[in-house]
Amino acid sequence: MNKLMINVLNIAIAAALVTGLSACNRNADAGIANGAADSGAGVAYGKVVSVDPVHSTVNHPREVCHDETVTHTAPPKDEHRIAGTAIGAVVGGLVGHQVGGGKGKTLATVAGAVGGGYAGNRIEASRQHAQVTTSVERKCTTVNNTSSKIVGYDVRYVYNGVTRTVRMDHDPGDRVQVQEGVTAVSDAH
């Protein structure tokens, strides 16, 4: 045989070997995809259908405080203006007593006292002002501070045509290692 024919023959043999190995790998991958056992060293894998994270929510309430300026209005010391009314009544009564005589003097005294009392009340009202003060008060409220963390994963997988669910401590990816008795192994990656 000549050298050219030997090279063509070697290329044909190499192509046949590559095609055969590729078909073998495809068949093995198809078996794993359908949840069948991997032929290597007795290790079996199931095909992962879904992975759902399992969350745990924790609340850490905390107190938030701030200073606030508050205005207070205090009523005047003589809220009913008794002093002005009394002084006005006395002065009005004295002035009324100076007018007239007899029964008219008594009526003038009473009218002067009433009018003076009213006038004294109004004068004191115009001079009194409510006492306004301000103070700083500390106001606090409780704020909820929630946090969520993943505590596991609910993994659905198919093995030998049966769909099962297992909780794992990590996301296993697209396949999960299965031991005898169709139990997923938690540390498979």
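The values are calculated or read from the model by the stated rules, or taken from the named source; none is laboratory data. Quick caveat: nothing in here was measured; it's all calculated off a predicted structure. Cβ coordinates were reconstructed from backbone atoms using ideal geometry, including for glycine residues, and neighbour counts include every protein chain displayed.
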Check your understanding: Within segment 113-136, how many residues turn out to be surrounded by fewer than 10 Cβ atoms within 10 Å (Cβ to Cβ), of a type outside the set (A, V, I, L, M) and part of a strand (DSSP E or B)?
Key -> 3
Check your understanding: Would you pick out the residues in segment 152-161 that are of a type outside the set (Ser, Thr, Tyr) and assigned to a strand (DSSP E or B)?
Key -> Gly152, Asp154, Val155, Arg156, Val158
Point to revise | Within segment 162-179, tally of residues that are in contact with a strand residue (DSSP E or B) (Cβ under 8 Å, 6 or more places away or on another chain) and in a strand (DSSP E or B) | key: 11
Check your understanding: Which condition number does Ile150 fail, the rest of (1) outside the structural domain of Val54 (by TED's automatic domain parsing); (2) modelled with pLDDT of 90 or more being met?
Key -> (1)
Check your understanding: If we scan segment 130-147, do we find a residue that is more than 30 Å from Asn160 (Cβ to Cβ), modelled with pLDDT of 80 or more and of a type in the set (Lys, Arg)?
Key -> yes
Exercise for review: Kindly indicate the residue of segment 106-150 that is among the β-branched types (Val, Ile, Thr) and in contact with a Lys or Arg (Cβ under 8 Å, 6 or more places away or on another chain) and also farthest from Ile87 (Cα to Cα) among those meeting that condition.
Suggested key: Val143
